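To keep things clear, I will list the structure first and then write my remarks on it.
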Amino acid sequence: MEQIFFSITYPPIPITQIGPLAFSLHGVFAALGFYFGANHALKLAEKDGADTVLFSDALTWAIFGAIIGARFFTIPAHILEPGYGLDDVFTLAGSYSIMGGMAGGIIAAFLKISYFNKQSFKQYGDYAATGLILGTIIGRIGDLAIVEHLGRASNFILAYEIKPGYDVAPQHNGLECSPPLLTCGSFHHVALYDLLFAFLIFFLFINMKKRFNFGQGSWIGLWAFWYGIQRFILDTLRFGMGDSTIGNVTYNQIGGLLLALIGLIVFFKNKNLEQI
């Protein structure tokens, strides 16, 4: 195989089996992302004098909603697979979806604030918008550590090169190789791209919030539109790499478009532009 001269490469930190549990930095950084994202949102709420006790309770609901959503929002992508049944649904060993986790967390927080406490969700959703972006940045560090969500083969300078003997995430076991090969190939580092774009959008949101008031509820809509479009575009790089597909798109792309559409509707429904 031809030697690759320009790429990112580093030894992955593999998933470690500790007794019956599989310890992975993917889960560790997902938890850290939620923690720091939630604290960021709470600080914004406190600064505005909002009900931080209610918001904190809603974020606790969001933890469980995110876990449920991350697991159960993957069902449509697998339900038509031969042999897929309830045993595959109610198991910790199944696949999980980041967008599903976000959706589940938002739905749970919405129910707590709007349905059970009869308060407007709009302002709290806006606080959560930048918190969700920050959580994405931190959470993706775990994906980089175990080298997950690689895309198609590429010579792009930010692509990831798998060296012989590297133990990447289980979904990419088929890409691994052994000596005497000099390289196993270079692939789009989609999780890294997602992190970098999220990092830029985080600071864009922070600066826009200082200059513009779009109206309550608009920021969470803007977040949903951005992340949905970003995931749709980035997942084109992963088509054919094992993700469930329908026609020429992946289920993640369909989910991204749906999220973007909902976000656009929410944004324009609540938009009342004022320059600060």
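Report whether or not H172 is closer than 20 Å to M241 by Cβ, assigned to a strand (DSSP E or B) and touching a strand residue (DSSP E or B) at 6+ places or on another chain (Cβ under 9 Å).
The answer is no for H172.
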Per-region count, segment 11-65, residues acidic (D, E) and in a helix (DSSP H, G or I) = 2
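In the set F212, F199, which member is in contact (Cβ under 8 Å) with a residue 40 or more places away in the chain, farther than 24 Å from A30 by Cβ and among the aromatic types (F, W, Y)?
F212 is the lone residue from the list that is in contact (Cβ under 8 Å) with a residue 40 or more places away in the chain, farther than 24 Å from A30 by Cβ and among the aromatic types (F, W, Y).
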On the given criteria, is F90 at pLDDT 70 or above, aromatic (F, W, Y) and farther than 15 Å from G255 by Cα?
-> no
Of all residues in segment 101-151 being in contact (Cβ under 8 Å) with a residue 60 or more places away in the chain and aromatic (F, W, Y), which is nearest to I265 (Cα to Cα)?
-> F121
For segment 134-174, enumerate the residues that are among the hydroxyl-bearing types (S, T, Y) and at pLDDT 95 or above.
-> T136, Y160, Y166
Is segment 209-226 home to any residue that is closer than 18 Å to G100 by Cα, in contact with a strand residue (DSSP E or B) (Cβ under 8 Å, 6 or more places away or on another chain) and either not in a helix (DSSP H, G or I) or not acidic (D, E) (or both)?
-> no
Residues in segment 190-216 that are surrounded by fewer than 18 Cβ atoms within 10 Å (Cβ to Cβ) and among the aliphatic types (A, V, I, L, M): how many?
-> 5
May I ask you to list pairs of residues, at least six apart or on different chains, whose Cβ atoms are under 8 Å apart, with the first in segment 8-29 being more than 27 Å from T183 (Cα to Cα) and the second being modelled with pLDDT under 85 and among the aliphatic types (A, V, I, L, M)?
-> A22/I15; F23/I15
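Anything in segment 147-167 that is basic (K, R) and within 17 Å of P14 (Cβ to Cβ)? List them, or say none.
If we filter segment 147-167 for residues that are basic (K, R), which is where we start, we get 152, 163.
Passing the criteria: only K163.
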Among the residues of segment 175-218, which ones are at pLDDT below 95, at negative phi and touching a Gly at 6+ places or on another chain (Cβ under 8 Å)?
-> P179
Candidates S186, S218, S154, filtered to the one that is among the hydroxyl-bearing types (S, T, Y), in contact (Cβ under 8 Å) with a residue 24 or more places away in the chain and under 22 Å from L259 (Cβ atoms) | S218
Could you count how many residues in segment 30-55 are surrounded by 15 or more Cβ atoms within 10 Å (Cβ to Cβ) and modelled with pLDDT of 95 or more?
-> 16
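The values are calculated or read from the model by the stated rules, or taken from the named source; none is laboratory data. None of the values given here were measured: they were computed from a predicted structure. Using ideal geometry, Cβ is built from the backbone for each residue, glycine included, and neighbour counts are taken over all protein chains shown.
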